[in-house]
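K.L.:
Just passing along the structure, written as structure tokens.
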Amino acid sequence: ETQKLLSEIEQARTFMDFLLQAEEQHKADGEKLENHRSEIDKMRTRLGEMEAPLHDAEIKMETCQRNLECQKDTVDKFAKTLRQRLHMGDVCPVCRQKIGAELPHEEDLSLLVKGLQDAFDAASKNYKELSKEKTDLEARIAVEEKAYEGNRKAFDENKSVINARKNALTQCQA
């Protein structure tokens, strides 16, 4: 009889240890979920902070594009007008000199707007990089939230502590 009692006490101690481990694991899992939620919240905050710089980059890109298009159009019209009115051998109406060389081609005149083209290219690149970063962050948030919800559901449905408590109680009563 004493041997049986000692055996049951040892089993009860084992079940109590198992309960302790289950509770510690449950607590650790809860902390992991909280940390995961916190990380998702930080990403959402960062996503919100991206709106203003992205909007500014878009406005800058559009402004640079308008400036470039206006200047390019002006240069093209100027070149077309010159080419239609003046030819080699004609007299320039401004400086009254005879035109002895061929007028510059559009490619040469396009160098006049190179600075604007470079500014537009830089603004466009910046906008695209910010847009890509935002899209990547949105995708990552979606993935992380889906993983979080799956982990949260598994955590809520986990009955290991309840079962361990019930088993320990049953064994202790025995």
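The values are calculated or read from the model by the stated rules, or taken from the named source; none is laboratory data. All of these numbers come straight from a predicted model, not from anything done at the bench. Here the Cβ positions follow ideal geometry from the backbone for every residue, glycine too, while neighbour counts run over all protein chains shown. In case anyone asks, the SASA skips ligands and DNA or RNA and just uses the protein heavy atoms, side chains included. Shrake-Rupley method; radii C 1.70, N 1.55, O 1.52, S 1.80 Å.
K.L.:
Report, to the nearest 10°, how far helix 2-85 tilts away from the longest principal axis of the Cα atoms in the chain, using its own Cα long axis and a range of 0 to 90°.
P.N.:
The two axes meet at around 10 degrees.
K.L.:
Any chance you could look up the accessible area of Met50 with a 1.4 Å probe, heavy atoms only, rounded to 10 Å²?
P.N.:
The accessible area of Met50 comes to roughly 20 Å².
K.L.:
How much length would be gained if the chain were fully extended between Glu69 and Val91, taking 0.36 nm per residue of separation minus their Cα-Cα distance, in nm to one decimal?
P.N.:
Numbers: separation 22, 0.36 × 22 = 7.92 nm, distance 3.10 nm.
Full extension from Glu69 to Val91 adds 4.8 nm.
K.L.:
I'd like the accessible area for Val94: 1.4 Å probe, protein heavy atoms, all chains in place, Å² to the nearest 10.
P.N.:
Here the residue's solvent-accessible area equals roughly 130 Å².
K.L.:
Enumerate the residues in the range 134-174 having an amide nitrogen under 16 Å from the point lying 7 Å beyond the Cα of Gln25 toward its Cβ.
P.N.:
Hits in the range 134-174 for Gln25 at 16 Å: 154-168.
K.L.:
Of the heavy-atom accessible surface of the range 67-112 (probe 1.4 angstrom), what whole percent is carbon and sulfur? Can you show the working numbers first?
P.N.:
Details: 2090 of 3780 Å².
Carbon plus sulfur share of accessible area: 55 percent.
K.L.:
Next up: Counting other Cβ atoms within 10 Å of each Cβ, which GluC sites (Glu not before Pro) in the range 100-165 have at most 16 and sit in a DSSP loop?
P.N.:
The qualifying sites are Glu102.
K.L.:
Mind grabbing the accessible area of His87 for me, 1.4 Å probe, Å², rounded to tens?
P.N.:
100
K.L.:
How big, in percent, is the set of alpha carbon pairs in the chain lying more than 23 Å apart?
P.N.:
Numbers: 10526 of 15051 pairs.
Beyond 23 Å sits 70 percent of the P(r) for the chain.
K.L.:
If you don't mind, another one. May I ask you to give the solvent-accessible area per residue for the range 1-109, in square angstrom, as obtained with a 1.4 angstrom probe? Could you put the intermediate results ahead of the total?
P.N.:
Details: 8460 Å² over 109 residues.
Here the per-residue accessible area is 78 Å².
K.L.:
While we're here: Ordered by residue, what ³J(HN,Hα) values in Hz, to whole numbers, does the range 137-150 give under the Karplus form 6.51 cos²θ - 1.76 cosθ + 1.60, where θ = phi - 60° and Gly and Pro are x?
P.N.:
5, 4, 5, 5, 4, 4, 5, 5, 5, 5, 5, 4, 4, x
K.L.:
If you average the sequence gap of Cα pairs under 8 Å that are 6 or more apart and divide by the length of the chain, what percent do you get for the contact order? Before the final figure, lay out the partial values.
P.N.:
Details: 99 pairs, mean separation 77.6, N = 174.
RCO, the chain: 45 percent.
K.L.:
Residue by residue through the range 157-174, what is 3J(HN,Hα) from phi via Karplus (6.51 cos²θ - 1.76 cosθ + 1.60, θ = phi - 60°)? Round to whole Hz and write x for glycine and proline.
P.N.:
Going residue by residue, I get 8, 5, 10, 5, 5, 4, 5, 5, 5, 5, 5, 5, 5, 4, 5, 5, 5, 5 Hz, with x marking Gly and Pro.
K.L.:
I'd like the projected area of the range 1-52, averaged over all directions, using the convex hull of its alpha carbons. Report it in nm² with one decimal. Don't skip to the answer; put the middle values down first.
P.N.:
Working: hull surface 11.2 nm².
Averaged projected hull area, Cα only: 2.8 nm².
K.L.:
Working out 0.36 nm times the residue gap between Ile40 and Lys98, then minus their Cα-Cα distance, what length gain in nm do you get to one decimal?
P.N.:
Numbers: separation 58, 0.36 × 58 = 20.88 nm, distance 7.27 nm.
Once the chain is fully extended between Ile40 and Lys98, it gains 13.6 nm.
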